């Protein structure tokens, strides 16, 4: 699997509130561009939409320490999806047999490796699930 080098750094902050505020600002930039469901266009799928419907509910299931670890990579994950043309690792979804999960690998400007998961359902709609460090 090829690793995409992003220009984005990890989001700054020493506690959960600071990291969450920075991540929310990043997300709100995307959200204010549309009147309906927030999305970004992914280069790998010829600029098809990747929606953020599952991102925040999935993150809410995690404990605060894990949420902070994952939110640090949100800006880099968004850049990776928007610009990377490298093929992801694809496998069937663990609990939903009609969906597949695509996992992209990336590296921040500081050199930290992270992964981005995108769920694709049977209608070929894609959803940003999460990003997490290696």
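Here are some notes:
- Test: residue 87 is surrounded by fewer than 12 Cβ atoms within 10 Å (Cβ to Cβ) and more than 18 Å from residue 37 (Cβ to Cβ): yes
- Checked against the criterion of being free of Cβ contacts under 8 Å to residues at least 24 places away in the same chain, assigned to a loop (DSSP other than H, G, I, E, B) and out of contact with any strand residue (DSSP E or B) (no Cβ under 7 Å at 6 or more places or on another chain), the candidates 24, 36 yield just one match: 36.
- Test: residue in segment 45-52 that is closer than 26 Å to residue 123 by Cα, free of Cβ contacts under 8 Å to residues at least 60 places away in the same chain and in contact with a strand residue (DSSP E or B) (Cβ under 7 Å, 6 or more places away or on another chain): yes
- Segment 42-77 - residue that is part of a strand (DSSP E or B) and touching a helix residue (DSSP H, G or I) at 6+ places or on another chain (Cβ under 7 Å) and, of those, farthest from residue 30 (Cα to Cα): 42
- Condition check for residue 118 on (1) more than 15 Å from the chain's Cα centre (by Cα); (2) assigned to a strand (DSSP E or B): one failure, at (1).
- Exactly one residue out of 73, 39 is more than 15 Å from residue 132 (Cβ to Cβ) and either loosely packed, with under 14 Cβ neighbours inside 10 Å or within 13 Å of the chain's Cα centre (by Cα) (or both), and it is 39.
- Residue 99 satisfies every condition listed in (1) in contact (Cβ under 8 Å) with a residue 24 or more places away in the chain; (2) farther than 23 Å from residue 6 by Cα except (1).
- Against the criterion of being surrounded by 15 or more Cβ atoms within 10 Å (Cβ to Cβ), within 11 Å of the chain's Cα centre (by Cα), touching a residue at least 24 places away in the same chain (Cβ under 8 Å) and not in a strand (DSSP E or B), residue 105 does not qualify.
- Checked across segment 122-130, the condition of being within 30 Å of residue 14 (Cβ to Cβ), in contact (Cβ under 8 Å) with a residue 40 or more places away in the chain and in a loop (DSSP other than H, G, I, E, B) holds for no residue.
Only the coordinates and a few stated rules stand behind these numbers; no lab work does. Bear in mind that the values here come from a model prediction, so they are computed numbers and not experimental data. Ideal geometry is used to build each Cβ from the backbone, glycine not excepted, and the neighbour counts take in all protein chains shown.
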